Amino acid sequence: MKVRKVTAAAAVALALSVTATACGGSDKDDNGSGGGKKITIGIKFDQPGVGLKTPDGYTGFDVDVATYVAKELGYSADDIEWKETPSADRETALQRGDVKFIAASYSINDERQKKVDFAGPYLLAHQDLLVRSDDKISKATDLNGKKLCSVTGSTSAQNVKKTIAPKAQLKQYGTYSECIDGLSSGAVDALTTDDSILAGYAAQDQYKGKFKLAGLKLTNENYGIGIKKGDTKLKDKINKALEKMVKDKAWDKAVKDNFGPANYKNDPAPKIGDIVK
């Protein structure tokens, strides 16, 4: 009887251990060792230079930043499961727990901060114009009478027409890739969105040397890493990882690798918590 009691106790202990392990499967970063656990990170799949899914894997500045942060949390690149998080789904994905954090050209603003928390910022981007390399457009008012492209549903082009160049002719396509094709063919004269996204497209092999950024800095877009509301422990760890990435120059390398071919004149790495209005 005594042997059976010990065996039963051991079985119960083993069951409790397995249950505890299963419940903590996504918390490898809490203790720095996870025994093969995975981390799910949200990124964009369709933004060259920022977050892009390719036949060979995932590339882009956000991917490099997220990979570095994950490493500092205790995960190798093989531990990462990438999840596409379109702009409209980012807050929901965090609230549901679909992802641990999101790095997806995610601008910090007051409305979003009501729903999620942000680490960072890790990049200061700006609304800008992408034009052909031989074009004379050098300021936003030059767009009067020109064809300005942006994607359907975006407010970027509408803001330019409303506040800067009222005579600009808006052309809205379904994707930025269509705008790029229109710019290449001459169907449109300029494309507007965040300069980081524009630089990413211009840096693609097939477009190198064809386009240039106007460098207008029409808005300030503070890219942050989105996390679930109230997770201060994770926020602090990510902020420390971002600071280390800047200090050891990995941040500079990621900028050059992903945006360099477009002659992207980036701002210095922002300080944690420094939101530029």
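The values are calculated or read from the model by the stated rules, or taken from the named source; none is laboratory data. Predicted, not measured: the structure shown is a model, and the values here were computed from it. Using ideal geometry, Cβ is built from the backbone for each residue, glycine included, and neighbour counts are taken over all protein chains shown. Areas reflect the complete protein model, heavy atoms only, side chains present, ligands, DNA and RNA absent. Shrake-Rupley method; radii C 1.70, N 1.55, O 1.52, S 1.80 Å.
Rank these residues by their accessible area, most exposed first, probe 1.4 Å: Val276, Val65.
Reading off the accessible areas and sorting them downward yields Val276, Val65.
Using heavy-atom solvent-accessible surface (probe 1.4 Å) with all chains present, what is the largest-first order of Leu73, Leu216?
Largest to smallest exposure gives the sequence Leu216, Leu73.
Mind jotting down the distance between the C-alpha centroids of the stretch 216-277 and the stretch 150-199, whole Å?
For the stretch 150-199 versus the stretch 216-277, the Cα centre distance is 25 Å.
With a 1.4 Å probe and every protein chain left in place, tell me how much accessible area Lys228 has, in Å² to the nearest 10.
Looks like 100 Å² after rounding.
Let me know the charge dipole size of the chain about its Cα centre in debye, to the nearest 20, where only the beta-carbon of Lys, Arg (+1) and Asp, Glu (-1) is charged.
560
So what is the relative contact order for the chain, in percent, with contacts set as C-alpha pairs under 8 Å and at least six apart? Walk me through the numbers before you get to the answer.
Details: 517 pairs, mean separation 66.2, N = 277.
It rounds to 24 percent for the chain.
Near Asp46, within a Cβ-to-Cβ distance under 11 Å, what is the net charge of the other residues, with Lys and Arg +1 and Asp and Glu -1?
+1
Explain nothing, just the number: relative contact order of the stretch 35-98, from Cα pairs under 8 Å at least 6 residues apart, as a whole percent. Please list the in-between numbers first.
Values: 76 pairs, mean separation 23.9, N = 64.
It comes to 37 percent, rounded to a whole number.
Give the lysines reachable from Lys167 as a straight Cα distance under 18 Å; neighbours fewer than 8 places away on the same chain don't count.
Counting by Cα, and skipping residues close in sequence, Lys167 has these lysines nearby: Lys136, Lys139, Lys146, Lys147.
Less than 20 Å apart at the alpha-carbon level, and either on another chain or at least 8 residues along: which aspartates and glutamates does that give for Lys265?
Partners found: Asp62, Asp64, Asp128, Asp134, Asp135, Asp194, Asp195, Asp205, Glu221, Asp252, Asp257, Asp274.
Putting +1 on Lys and Arg Cβ atoms and -1 on Asp and Glu Cβ atoms, find which of Leu143, Ala119, Val246 reaches farthest to the positive end of the dipole of the chain.
Ala119
Just list whichever of Lys114/Lys171; Lys44/Lys271; Lys53/Lys162 have alpha carbons separated by over 30 Å in the model shown.
Pairs exceeding 30 Å: Lys114/Lys171; Lys53/Lys162.
Report the antiparallel proportion of the DSSP beta bridges in the chain as a percent, rounded to a multiple of 5. Before the final figure, lay out the partial values.
Working: 21 of 35 bridges.
The antiparallel fraction comes to roughly 60 percent.
Tell me the label only: which of (i) 0.98; (ii) 1.37; (iii) 1.20 is Cα Rg over 2.2 N^0.38 Å as calculated from this structure?
(iii)
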